[in-house]
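One structure is given below, encoded as structure tokens.
Coordinate-derived values only; no laboratory data. No experiment lies behind these values; they were computed from the predicted model shown. Cβ atoms come from the backbone with ideal geometry, glycine included; neighbour counts cover every protein chain shown.
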Amino acid sequence: MNAAVGAALDAAAARLAAAGVDSARLDARVLLGHVLGVDPGTLALRRGDVLAPDAAGRYEALVARRAAREPTAYIVGHREFWSLDFRVTPDVLIPRPDSETLVETALALFADREAALDVLDLGTGSGCLLLAVLHERPRSRGIGIDASAGAIAVATANAARLGLAGRANFVMRNWADYRGGPFDLILSNPPYIRVGELAGLAPEVRVHEPVAALAAGADGLDAYRSLAGILPVLLKPLGRAVVEIGAGQAAEAESCLSAGGLRPVARRRDLAGVERCLVLAQSGRQ
Ligand SMILES: C[S@@+](CC[C@H](N)C(=O)[O-])C[C@H]1O[C@@H](n2cnc3c(N)ncnc32)[C@H](O)[C@@H]1O
């Protein structure tokens, strides 16, 4: 007998919850929406619909992957960030809502929508930070740097998908070797997790997300030390660097970054009230 949508959703949510998935009911809906090609929000109105056997089979396969703790965003292949739809693969970190704090901060610093800014994004991953800012500042251009060839391919595809390919370029390079600009705005969400903390992370992160996007040495600060050496060279005299930090890292990250010559000018909190990003300027400038 064919299952109804409602029964399939309930069974999937129970299976995911039993597997330790926090967002079991939501994920059950997102996966079924993906299989049926409909907005997951509309499924509540379709609980009595019959699920065709082929759709039921595909749904079962996706629920099994999620129950094995593969992230939903990798299964469906995309994730929303800044209300834009980004393609994601296991080559890139899944964009986090907390990182929208960097976009908000950058847009507040450069409030003129018509400004023609040169923007750099170090460790661009999916390209989410750079592309969100370029979307909001239509006369600005930008470059995204990542050491991962897979990430550069995903970011390039995202620029095309969002209609921003003409204003965004992506370059595969270790940021320590990049020389270009100078730039009005430098964005970076670098890796900042202590290597010793990796084993304690949820399987979605530990097993599936790229370790080069997560870990930054024994104290989690290696990327800030490395960025400290290049940010002053790449930033215009009146430019601003907006850098993401992990919870509780503000003072240490500021100290690493200012050792390279930049001056911390502000800290910004995310929606949970956690200090999430630093704003830095050239020393001796306004
Ligand atoms: C935390 S992820 C951030 C991705 C994306 N910007 C975001 O906010 O979702 C960090 C990214 O930095 C890249 N990365 C780490 N060290 C790098 C280096 N030395 N040079 C270039 N890219 C680097 C990683 O490959 C990864 O894509």
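Table for the structure above
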| read-out | value |
| --- | --- |
| Near pairs, Cβ below 8 angstrom, 6+ apart or cross-chain, from the range 32-44 (assigned to a helix (DSSP H, G or I)) to any residue that is of a type in the set (S, T, N, Q) | 33/42 |
| Boolean, residue 56 is touching a residue at least 40 places away in the same chain (Cβ under 8 Å) and either more than 21 Å from residue 205 (Cα to Cα) or surrounded by fewer than 17 Cβ atoms within 10 Å (Cβ to Cβ) (or both) | yes |
| Which numbered condition residue 141 misses (of (1) away from the ligand (no atom under 13 Å from the Cβ); (2) in contact with a helix residue (DSSP H, G or I) (Cβ under 8 Å, 6 or more places away or on another chain); (3) closer than 30 Å to residue 23 by Cα) | (3) |
| Odd one out for residue 19 among (1) farther than 22 Å from residue 79 by Cβ; (2) surrounded by 13 or more Cβ atoms within 10 Å (Cβ to Cβ); (3) small (Gly, Ala, Ser) | (1) |
| The range 113-130, residues that are within 10 Å of the ligand (Cβ to nearest atom), aliphatic (A, V, I, L, M) and touching a helix residue (DSSP H, G or I) at 6+ places or on another chain (Cβ under 7 Å) | 122, 129 |
| Every residue from the range 95-110 that is surrounded by fewer than 22 Cβ atoms within 10 Å (Cβ to Cβ) and not in a helix (DSSP H, G or I) | 96, 110 |
| Listing of strands (runs of 3 or more DSSP E) fully contained in the range 176-275 that carry 1 or more residues being crowded, with 19+ Cβ neighbours inside 10 Å and without any contact (Cβ under 8 Å) to a residue 12 or more places away in the chain | none |
| Selection count where residues are closer than 14 Å to residue 27 by Cβ and among the hydrophobic types (A, V, I, L, M, F, W, C), scope the range 75-96 | 3 |
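Listed here are the residues, each with its yes/no results for (1) polar (S, T, N, Q); (2) in a helix (DSSP H, G or I).
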| position | (1), (2) |
| --- | --- |
| 112 | no, no |
| 129 | no, yes |
| 132 | no, yes |
| 139 | no, no |
| 144 | no, no |
| 150 | no, yes |
| 153 | no, yes |
| 156 | yes, yes |
